[in-house]
Amino acid sequence: MIVLRVEVRVFSGLEKFLPQKRFGEPLPVELPEEGTIKDLLHKLGIPENQVFTILVDGRHQPLDYTLRGGERVSLFPPVGSG
Amino acid sequence: MARFIRVDMSSRQVKSENVADKYLILGGRALTSQLVADEVPATCDPLGPFNKLVIAPGLLSGTSAPSSGRLSVGGKSPLTGGIKESNAGGITSQKLANLGIKAVILEGKPADKGWFLLKITPDGEELLPADDLVGKGTYEVTAICRERFGDKVGVITIGPAGEMLMHAAGVTNNDGDGNSSRYAGRGGLGAVMGSKGLKAIVVDSPKTFEAPVKDPERFKAAAKKFSQILLDNPTCGKGLPAYGTNVLMNIINEAGTLPTRNFKFGRFDKAAEVGGEKLAEVAKARGGKATHACHPGCVMRCSNVYPMPDGKVCAPVEYETAWAFGPNLEIGELDVIAKLNYICNDVGLDTIETGCTLGVLMEAGVIPFGDGQAAISALEEVAKGTPLGRIIGSGSANAGKVYGVTRVPAVKGQGIPAYDPRACKGNGVTYATTPMGADHTAGYAVTANILKVGGYVNPLEPAGQVELSRNLQVATAALDSTGLCLFVAFAVLDNPEGLPTIVEMINAQYGTSLTVDDVTALGQNVLKTERQFNQQAGFTSADDRLPEFFYNEELPPHNTKFDVKDEELDRVFNFQ
């Protein structure tokens, strides 16, 4: 089966769903071809409702965004300040 | 009875005067900017006898409205040459409001050299000699004043940088623990205070939440509702209390708009090492605090207490400062950042401006990028008043001129903060056009550009940025007049009941019948007043532009330039 690989980073508390990982630590993840962000979250065990901001290569994307492979995926709960 | 405290530093007379009707329902920025526009000649020398320093609590400050203790400090800025309102947390705003003081107005300039301290208590106001405080850092001045006048007093003060009239000097006041770290930092207003020979203002008020309210029951209900609106919002109620303002470091980095190496790159490989998550971890491990309120009654508590290896405490380390001394200088160690932050607080300099200035000095090769110890040594020159110290204290634009640097991130002479305008273009519009000089708080488009609060506008495209910045600049000018912290905007932008509840609190307090539309009109009027002052001071549309390199150099990783057209920028204030 063809797989794609992405590099995932989680922040601001989402790391609690990945017991072995620290915030910001790159995590390589493999998904089946045409895997989406939704599939990625499912595989990592991160509840969808905990994720507010999804950046793929620094651009905002929705949950149903289809990954191509090689992307840097960054996941955040709601954050803000100034 | 609301009153102004007018302090003539030429004759060293202090007067308490009634507030003219036109100022009665103004507060914070609306009041400081109106008073400056009415009383300060726009062409005056900012450090001469005709400039004034106006210090005002917001409309809601000193009441039980949550997170309403912000302080506005205004005048003509020595850094920009235009009008300035610089906004601070800390405990003095609430105290001034509880003493019935709508503003303290410092004016004139003494002919001799003596230094003074203004003491404000429920029994009256007086100027006391303060030559013994000269040359001392703000932490020591605050400690001495708390010892001398009681540990509950609020102390507004300047450091040696303000005494030496450095253009990047700020005006500080303390939090409830006595940390003199709550700065009205931007625009060099510390030098204005220094030019008048005033070292400190001590505000002693036994009350914090009892400013007069016309309809207490109605006010209480509205304030309670507003508290709940803040607590229900995930950013205000959870994100800010958990990680503080520095929670932004990682998201701004991942979005590729974190200015790195003096605005050369949009990402820093050590960003996670200096962000809010790491800061919270270290602060807790060393017995500090990951959450801390800058003034009583704040429900967001976005500050922190960071114990440093030398035993001192830097409280707080904010995002903008962590960026200015971190990624901007390619420094990846929080302890170095905290040390630079502490020195700025003590000597009395704005951290954003100083970070930009050190970035310019690194660009010039005076000190190497990434060299934290060299940055600390350079910053220590400021208190000594050496030529290098004075250049650092003069701000990024001046330092750029001295060293012949063209890559100077400044607008109207004021350093650009922690979001690159090429990959957060809404903020670029704000930096270019706000009457304040480059200022992220004046129209914080990071909300819709990056944080997806109050809608979404693609940060990499020019479309929609002018309208976004315009609306935010108007709303912010109004909000800065209420004394509410700007961060309430995260809740207000996404909750339709937010703004009406703020208006309800104001109406209950002042017996007015303002509407939401009146708030918009207030914001527009503040901007109009400020723009007029700047025009009279000599500013033109040519001043509403970013530095050249943002139009010519691409910013990795998105490889974008700033491309909002000049004629678009000139339409930001088309409501006038």
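Evaluation of B:THR32 against the conditions (1) outside any helix (DSSP H, G or I); (2) crowded, with 18+ Cβ neighbours inside 10 Å shows that the sole unmet condition is (1).
Quick check on the range B:229-252. Is at least one of its residues farther than 25 Å from A:ASN49 by Cα, modelled with pLDDT of 95 or more and more than 8 Å from chain A (Cβ to nearest Cβ)? No.
When the test is whether a residue is in contact (Cβ under 8 Å) with a residue 24 or more places away in the chain, closer than 16 Å to B:ASP543 by Cβ and either within 12 Å of chain A (Cβ to nearest Cβ) or open to solvent by less than 10 Å² (accessible area, probe 1.4 Å) (or both), B:ALA418 does not pass it. Exactly one condition in (1) in a strand (DSSP E or B); (2) facing chain B (nearest Cβ under 10 Å); (3) without any contact (Cβ under 8 Å) to a residue 40 or more places away in the chain is not met by A:ARG22; state its number. Failing condition for A:ARG22: (1).
Of the residues making up the range B:171-180, one or more are open to solvent by less than 40 Å² (accessible area, probe 1.4 Å), closer than 25 Å to B:ALA397 by Cα and outside the structural domain of B:SER396 (by TED's automatic domain parsing).
Please specify each residue of the range A:27-60 satisfying the condition of being closer than 15 Å to A:PRO78 by Cα and out of contact with any Ser or Thr (no Cβ under 6 Å at 6 or more places or on another chain).
A:ILE46, A:PRO47, A:GLU48, A:ASN49, A:GLN50, A:VAL51, A:PHE52, A:THR53, A:ILE54, A:HIS60
Condition (residue is in contact with a Lys or Arg (Cβ under 7 Å, 6 or more places away or on another chain), under 25 Å from B:LEU555 (Cβ atoms) and either outside the structural domain of B:ALA30 (by TED's automatic domain parsing) or assigned to a helix (DSSP H, G or I) (or both)) applied to the range B:463-470: is it met by at least one residue? Yes, the range B:463-470 has at least one match.
On inspection, B:ARG146 does not qualify as open to solvent by 10 Å² or more (accessible area, probe 1.4 Å), within 14 Å of chain A (Cβ to nearest Cβ) and in contact (Cβ under 8 Å) with a residue 24 or more places away in the chain. Listed by first and then second residue, the pairs with beta-carbon distance under 6 Å, at least 6 apart or on different chains, first residue in the range B:476-489 and within 21 Å of B:GLY237 (Cβ to Cβ), second modelled with pLDDT of 95 or more and among the basic types (Lys, Arg), are B:GLY483/B:ARG70; B:CYS485/B:ARG70.
Taking the criterion of being of a type in the set (A, V, I, L, M, F, W, C) and more than 12 Å from B:SER181 (Cβ to Cβ), the residues of the range B:329-342 that qualify are B:LEU329, B:ILE331, B:LEU334, B:VAL336, B:ILE337, B:LEU340.
Do you know which residues across the range B:261-284 are hydrophobic (A, V, I, L, M, F, W, C), open to solvent by 10 Å² or more (accessible area, probe 1.4 Å) and within 11 Å of chain A (Cβ to nearest Cβ)?
Selection gives B:ALA272 alone.
The helices (runs of 4 or more DSSP H) found wholly in the range B:337-425 and carrying at least 2 residues that are in contact with a Cys (Cβ under 6 Å, 6 or more places away or on another chain) occupy B:351-363. Residue under question is B:TYR403, and the condition is that it be at pLDDT 95 or above and open to solvent by 20 Å² or more (accessible area, probe 1.4 Å); does it hold? So B:TYR403 fits the description; yes. Could you tell me which of the residues B:CYS294, B:CYS298, B:CYS314 is out of contact with any His (no Cβ under 6 Å at 6 or more places or on another chain) and under 30 Å from B:LYS264 (Cα atoms)? Being out of contact with any His (no Cβ under 6 Å at 6 or more places or on another chain) and under 30 Å from B:LYS264 (Cα atoms) holds for just one of B:CYS294, B:CYS298, B:CYS314, which is B:CYS314.
The values are calculated or read from the model by the stated rules, or taken from the named source; none is laboratory data. Computed from a predicted model, the values in this text were never measured in an experiment. All Cβ positions, glycine included, derive from the backbone under ideal geometry; neighbour counts span all protein chains shown. Ligands, DNA and RNA are excluded from the accessible area calculation, which covers all protein heavy atoms including side chains. Shrake-Rupley method; radii C 1.70, N 1.55, O 1.52, S 1.80 Å.
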